[in-house]
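As C-alpha cells, the structure follows; a few thoughts come after it.
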C-alpha cells in the first residue's frame with residue numbers, strides 16, 4: 001500500500017485534515033495493535049472550545065496497520081501501541097510501544 005513511512009504518515013495526515021473540522025489546534029491518536037491484523041483507534045482533537053472525540057474516519061485503522069508493518073523490525077515485530085500527535089502547523093510526533 002505504501003512504500004515508506006513518510007508516505008504512510010502523509011496519508012494519515014490527509015485523512016485527518018478531511019475529517020476534523022477547522023480550525024483545530026492539535027489531534028491525538030492512540031492506535032492499539034490487537035494482534036489480529038487489526039488496529040483499534042482512539043482519536044481526539046482540540047480547538048478553542050476544548051477536546052472533542054473523533055469517530056468519523058474510514059482508512060485510519062488500515063493506515064496505522066501499514067505504519068506498524070513499515071516500522072517493524074525482526075527483533076521488535078509490530079508495535080503494540082502508537083501515539084501520534086499532529087499539530088495544526090503540520091508538525092507531528094510519534095511514539096511506539098513494543
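Read the figures in this text as sums done on the coordinates, not as results from a lab. If you're wondering where the values come from, they're calculated on a predicted model, not measured in any experiment.
For the reader, a short list of remarks on this structure follows.
- The relative contact order of the chain, computed from alpha carbon pairs under 8 Å that lie at least 6 residues apart in sequence, is 29 percent.
- The range 1-48: C-alpha gyration tensor shape, a/c 1.5 cut-off, then a/b vs b/c: oblate
- The chain: angle of helix 5-19 to the longest principal axis, Cα-based, in degrees nearest 10: 30
- Antiparallel DSSP beta bridges within the chain, percent to nearest 5: 100
- Stretching residue 17 away from residue 93 to a fully extended chain increases their span by 25.7 nm, per 0.36 nm per residue minus the current alpha-carbon distance.
- Calculated [θ] (222 nm, deg cm²/dmol) that DSSP helices of n ≥ 4 give over the chain, each run adding -39,500 (n - 2.57): -9000 deg cm²/dmol
- Prolate/oblate/rounded call for the range 17-74, Cα gyration tensor, a/c under 1.5 rounded: prolate
- Whether the chain is rounded, prolate or oblate, judged on the alpha carbon gyration tensor where a/c under 1.5 counts as rounded: prolate
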